[in-house]
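Notes to accompany the following structure.
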Amino acid sequence: MTPTQRDQAPILRIENVAISYETRYGDVEAVREVSFEVCRATTFGLVGESGCGKSTVAFGIVDFLGPNGKIAGGSIKFQGRELVGRSQKELRLIRGDQISMVYQDPMQALNPSVTLGDQLTEVLTVHRGISQADAWKKSIAMLERVYMPDAANVMRRYPHQISGGQQQRVVIAMALLTNPALLIMDEPTTALDVTVEAVVLDLIEDLKRDFDTAIVYITHDLGVVARVCNEVGVMYAGEMVESGPVGAIFDDPKHPYTQGLMRCVPRLGATKESSRLYPIRGRVPAPKDRPKGACIFAPRCDYATDRCYQERPAVREIASSHNVRCFYAEEISAGDWKPSEGLVPDLTPAAEPESQKPILAVKDLRTFYAQESKSILSLVGLGKKRYVKAVNGVSVEVQSGETLGIVGESGCGKSTLAKTIVGLESPTEGQAEFLGFDISVPVSRRDKKLIQELQMVFQNPDSTMNPSYTVGQQIGRPLQHFKTVPSDQVRGEVIRLLNAVRLDGSYYDRLPRQLSGGEKQRVGIARAFASRPELVLCDEPVSALDVSVQAAVLNLLLEIQRQYHTTMLFIAHDLSVVRFFSDYVAVMYLGHVVEFGPAEAIYAPPYHPYTEALLSAVPIPDPEAEQKHIRLEGTVPSALNPPSGCVFHTRCPRRSMLADGGRVCESEVPPWHYNTEKHRIFCHIPLEELRKMEPVVTTG
Amino acid sequence: MAVAEQSVQAVTRPSLWQRAWGGLAVLFASKIAVIGLIIVLFWIVVAILAPVLTPYSSTAQDYKAQNSPPSAAHILGTDDLGRDIWSRLIYGARVVLVMLPVGEHFWLPVGTAIWGVLLGLLIGSTLGLMGGYLGGWIDEVVMRLLDAMMAFPVILLYMIIIAAVGASATNVVLAIAIVGTPGIARLVRSLALDIRTRDYIRAAELRGENPFYIMFIEILPNARGPIIIDAMLRVGYAIFAMGTLGFLGLGLPPPSPDWGSMVAAGRRYILSGSPWAAIWPSLAIASLVVGLNLLADGLREESLRYQ
């Protein structure tokens, strides 16, 4: 940034803003004493976990706080003009023209019953007063700026006719149409797949260069912050605990919370050791439990002293424009930190299993969903049946005591595979064997003893527990149902399970609504392990949790697995999450497994081209790391009509590496190449070529 | 236990009283619900204490004071046979709200209207849960059956049932149940369709629980909010229906103090200057139905306020 740009007044200056909500029990303070400023052509990242108040701050800037929210104090100055206390009419005029906002879910930001062209032109005709024809031309030009293919036609379509990534591009185009001075983006890529997110982040970086906009970028993902932001503000429980340039925050974080956050973010480390996650102990205080006269992070801080509990630290400037809210910031060094006793489980691999017979063997499994056709013929049963080929020929084997990670984006079939194995869906073809028994039948037809050995941990902690029953009753139910212990010992066994998931016995009588997300997920884990199953399937168990809680739950799963010698199938959409505890990894795309092997083999070359693209798309929380820039063209094809030959051929960036220019990818199903005995890749490209690939991530 | 998430204070499950009080707190937060509650409680208390509140019996006739206006002796006046209207009203409230006469000398607590709705809840919930959770052809059959029942105009359906089985309190209960079943079943079905997508139902299926356990123990308790509010409204509809049936002569047989038949009997004397026998029972029906509606509305509004 040139000195002249810096000398100009900041576009947005927020000083000591406090925002509170009215509830039935009184006013609740969601945000207090937050200050930062954003200048032209700067991206300010607002980082924090759920409940920290970052979205509240954004909504406060544009006064979208809802009927029961209000700005209780402080000032928000936009281009030098005070925003707090203005009437709705004045705010509306300022907002639409100079402040734009991009939301998390593009499907909710776009009106489903109005064409995209009309929505785009509306922005211009209302705010600039230009004619419809002019607005139409300008909108097409903007769509081309956001790299929307076939922009003129897209203008005539409705939101549901384009993909999620394209919708988000339209929303960004809408936001930039008026050339706003301030753009607020609230987690714009969270709802998107990893590869699509990478493309949208590329777009945002390009746009930063071309437009002079000041951007406030709200996210919980430190990897994204490292890519996109110039300055970062870290929020915790409604307060800003640290802020400064992005390099300084990542290299040398000063606040204990920021340091803790850096340690618990999953990264694509080269070895298992370097990808360990260290959780932050304790939990975020609820808004009504936040003390006014003490440091808000003190209960969870490793360095807290008496002073921290009695006095609230003010924001101090430590280095140039690097501010911290901590008394001991100069003395704490991230490099000297040692994990406390029992914080992480032992990662040494368990002993080799004696028998080589796999505990779960799936061969050529296919699960198709019949799609209801709307033709008259199909009413009579004569219509042509179409199938969504969710799982289209998957073969994997899992040995006892291992962890298999299944990774893929949305639509790849991993959830359907999980449901088929577990019995909630019936396979259309293929064989599946578990403990020697055939499991290609749904749950209702399986033997109870078999059901007992195969349990599942679910994704969403809020819906994994029945809200009407206590924790004790819900963990006790599998014990009673399977009669694993005599009925008078059920309570004791439940308490033992609660202790195994690091919750104390007082949780026995609590209702789910009294628990936090992480605690609910632990109870879900306790319930799954209650019947001592041989195989536990975890369907994205941590993706709905905060980063600091994720680390704790992942470590817990590892520990419990070792304690009970369970085999685990772990499904995730992100390669960095499965890195540190999977023994084997399977990468799925559109119903097929494209690469399978031991974890070290997947993260190092040779890669399947899709794996390579996935690895290069994951945002890495390290601004210095070098990551290859491989992007996939187009969108995931529909599973109703998967491409012929290799299903990945429509998007494969390495197709041209083949001698015939990739024609064989279209016509023939690829063979399995065995890199080692246990590592296989599903591709036409010869193995020697694949071995010449460079690693995707090289840390600095 | 380095990673145990410390709780701020040890909280145990609130006791039954505390939970009931919490539910009532929602009620008291809404002024509309409180007004409705006062009206309903008034009628219930008056019905329970009927023998204490009036010296007359509901059937004592006084030929010297026919169709008399309100006076010190008869607070609300008398009807065409000289019976005290106030006594008839509160004894009539008894049958509706407080006791169900089964046969000549035997009665059950909790009134006719409420029994009818409870029976309707039982049948309707079962049908709705089966349709919503099991789906498939069971859902289709149940829905078409209910559609057929809903095709009849409500009063006509009541009349057909009562005309078929005869007029007595238990038959009225049956009629209320039959007429209320389709509405309740549809409500429960839509709630079940939503709840069955939750992960805890998946978890129960994974344990191999049988479908009836899942329907009644996992799904139903989570649907109780809307069901309770709907049930309150239905008690109001039932009272209204009982009034109509009584008016049409299909209610409880005379000399039973049925509000509807009181209106029917008093209708003839309105224009000749003695409207009291018709007005007071009409107001009684209206006030009770409005009270229940207000209670249900207030609860619904309050429970959605801080969503």
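The values are calculated or read from the model by the stated rules, or taken from the named source; none is laboratory data. Worth saying up front: this structure is predicted, and the values here are computed from it rather than measured. Here the Cβ is made from the backbone with ideal geometry for all residues, glycine too, and neighbour counts use every protein chain on show.
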Next on the checklist: When the residues of the stretch A:214-257 are narrowed to those that are in contact with a strand residue (DSSP E or B) (Cβ under 8 Å, 6 or more places away or on another chain) and of a type in the set (Ser, Thr, Tyr), which ends up nearest to A:Gly60 (Cα to Cα)?
Outcome noted: A:Tyr217
Checklist entry - Which condition does A:Val388 not pass, out of (1) assigned to a loop (DSSP other than H, G, I, E, B); (2) more than 14 Å from chain B (Cβ to nearest Cβ); (3) modelled with pLDDT under 90, if it passes all the others? => result (1)
Checklist entry - What number of residues within the stretch A:217-261 are over 18 Å from the mean Cα position of the chain (by Cα), in a helix (DSSP H, G or I) and of a type outside the set (Val, Ile, Thr)? => result 8
Item to check | Pick from the stretch A:536-565, criterion of a type in the set (Val, Ile, Thr) and over 28 Å from A:Leu435 (Cα atoms), ranking: nearest to the other protein chains (Cβ to nearest Cβ) | outcome: A:Val549
Next on the checklist: Considering only residues that are surrounded by 14 or more Cβ atoms within 10 Å (Cβ to Cβ) and part of a loop (DSSP other than H, G, I, E, B), which ones fall in the stretch B:271-294?
Outcome noted: B:Ser274, B:Pro275
Checklist entry - If we scan the stretch B:125-134, do we find a residue that is under 23 Å from B:Val289 (Cβ atoms) and in contact with a Pro (Cβ under 9 Å, 6 or more places away or on another chain)? => result no
Checklist outcome for this item: Note: among B:Asp84, B:Asp62, just one is in contact with a strand residue (DSSP E or B) (Cβ under 8 Å, 6 or more places away or on another chain), at pLDDT 85 or above and not hydrophobic (A, V, I, L, M, F, W, C), namely B:Asp84
Checklist outcome for this item: Within the stretch B:216-230, the residues that are aliphatic (A, V, I, L, M), in contact with a helix residue (DSSP H, G or I) (Cβ under 6 Å, 6 or more places away or on another chain) and surrounded by fewer than 23 Cβ atoms within 10 Å (Cβ to Cβ) are B:Ala223, B:Ile229
Next on the checklist: Restricting to the stretch B:216-261, count the residues that are among the polar types (S, T, N, Q) and more than 30 Å from B:Ile279 (Cβ to Cβ).
Outcome noted: 1
Item to check | Entirely in the stretch A:41-139, the strands (runs of 3 or more DSSP E) that have 3 or more residues that are in contact with a Ser or Thr (Cβ under 8 Å, 6 or more places away or on another chain) and surrounded by 20 or more Cβ atoms within 10 Å (Cβ to Cβ) | outcome: A:43-47
Checklist entry - If we keep just the residues of the stretch A:391-436 that are out of contact with any His (no Cβ under 9 Å at 6 or more places or on another chain), charged (D, E, K, R) and away from chain B (no Cβ under 14 Å), which is surrounded by the fewest Cβ atoms within 10 Å (Cβ to Cβ)? => result A:Glu429
Next on the checklist: Looking only at the stretch B:15-43, filter to residues that are in contact with a helix residue (DSSP H, G or I) (Cβ under 7 Å, 6 or more places away or on another chain) and facing chain A (nearest Cβ under 10 Å); which one of those is modelled with the highest pLDDT?
Outcome noted: B:Ala29
Checklist entry - Out of all the residues in the stretch A:528-542, which are acidic (Asp, Glu) and in a loop (DSSP other than H, G, I, E, B)? => result A:Glu534, A:Glu540
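For the stretch A:465-474, what are the residues that are more than 7 Å from every other protein chain (Cβ to nearest Cβ), among the polar types (S, T, N, Q) and surrounded by 20 or more Cβ atoms within 10 Å (Cβ to Cβ)?
Taking the stretch A:465-474 as the starting set, the residues that turn out to be more than 7 Å from every other protein chain (Cβ to nearest Cβ) are A:469, A:471-474.
After this cut, where a residue has to be among the polar types (S, T, N, Q) as well, the list is A:473-474.
Within the stretch A:465-474, just A:Gln474 meets the criteria.
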Checklist outcome for this item: Checked against (1) facing another protein chain (nearest Cβ under 8 Å); (2) more than 22 Å from A:Glu397 (Cβ to Cβ); (3) touching a residue at least 24 places away in the same chain (Cβ under 8 Å); (4) in a helix (DSSP H, G or I), A:Ile451 satisfies every condition except (2)
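Within 12 Å of another protein chain (Cβ to nearest Cβ) and either of a type in the set (A, V, I, L, M, F, W, C) or in contact (Cβ under 8 Å) with a residue 40 or more places away in the chain (or both): is that true of A:Val523 in this structure?
Working: within 12 Å of another protein chain (Cβ to nearest Cβ): yes; either of a type in the set (A, V, I, L, M, F, W, C) or in contact (Cβ under 8 Å) with a residue 40 or more places away in the chain (or both): yes.
Yes.
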Item to check | Every residue from the stretch A:654-667 that is closer than 15 Å to A:His608 by Cβ and surrounded by fewer than 16 Cβ atoms within 10 Å (Cβ to Cβ) | outcome: none
Item to check | Single unsatisfied condition, A:Pro299 versus (1) touching a Lys or Arg at 6+ places or on another chain (Cβ under 6 Å); (2) of a type outside the set (Val, Ile, Thr); (3) not in a loop (DSSP other than H, G, I, E, B) | outcome: (1)
Checklist outcome for this item: A careful count of residues in the stretch B:100-120 that are hydrophobic (A, V, I, L, M, F, W, C) and surrounded by fewer than 19 Cβ atoms within 10 Å (Cβ to Cβ) gives 7
Next on the checklist: I need the helices (runs of 4 or more DSSP H) fully contained in the stretch B:149-222, keeping only those with at least 3 residues that are away from chain A (no Cβ under 14 Å) and within 30 Å of B:His105 (Cβ to Cβ).
Outcome noted: B:154-165, B:169-195
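Please note which helices (runs of 4 or more DSSP H) are completely contained in the stretch A:543-628 and include at least 2 residues that are closer than 28 Å to A:Ser463 by Cα. Walk me through how you get there before you give the answer.
Working: elements: A:547-564, A:575-578, A:599-603, A:609-617.
So the answer is A:547-564, A:575-578.
Residues are listed down the side, and each one gets a yes or a no for (1) within 29 Å of A:Thr698 (Cα to Cα); (2) away from every other protein chain (no Cβ under 14 Å):
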{"site": "A:Asp221", "(1), (2)": "yes, yes"}
{"site": "A:Tyr236", "(1), (2)": "no, yes"}
{"site": "A:Arg267", "(1), (2)": "yes, yes"}
{"site": "A:Val284", "(1), (2)": "no, no"}
{"site": "A:Lys292", "(1), (2)": "no, yes"}
Checklist entry - What are the residues in the stretch A:475-513 that are within 9 Å of chain B (Cβ to nearest Cβ), more than 22 Å from B:Leu16 (Cα to Cα) and not in a helix (DSSP H, G or I), if any? => result A:Arg502, A:Leu503, A:Asp504
Checklist entry - Which number in (1) closer than 26 Å to A:Val501 by Cβ; (2) in contact with a helix residue (DSSP H, G or I) (Cβ under 6 Å, 6 or more places away or on another chain); (3) part of a loop (DSSP other than H, G, I, E, B); (4) at pLDDT 75 or above marks the one condition that A:Glu425 misses? => result (1)
Checklist entry - Could we say that B:Arg234 is surrounded by 20 or more Cβ atoms within 10 Å (Cβ to Cβ), under 25 Å from A:Asn466 (Cβ atoms) and out of contact with any Pro (no Cβ under 6 Å at 6 or more places or on another chain) here? => result no
Next on the checklist: Please go through the stretch A:320-373 and give me each residue that is within 30 Å of A:Ala418 (Cβ to Cβ), at pLDDT below 90 and of a type in the set (Asp, Glu), ordered by number.
Outcome noted: A:Asp346, A:Glu352, A:Glu354, A:Glu372
Checklist entry - So is A:Asp462 over 31 Å from the mean Cα position of the chain (by Cα) and within 10 Å of another protein chain (Cβ to nearest Cβ) or not? => result no
Item to check | Meets criteria (small (Gly, Ala, Ser), surrounded by fewer than 23 Cβ atoms within 10 Å (Cβ to Cβ) and within 11 Å of chain B (Cβ to nearest Cβ)) for A:Ser531 | outcome: yes
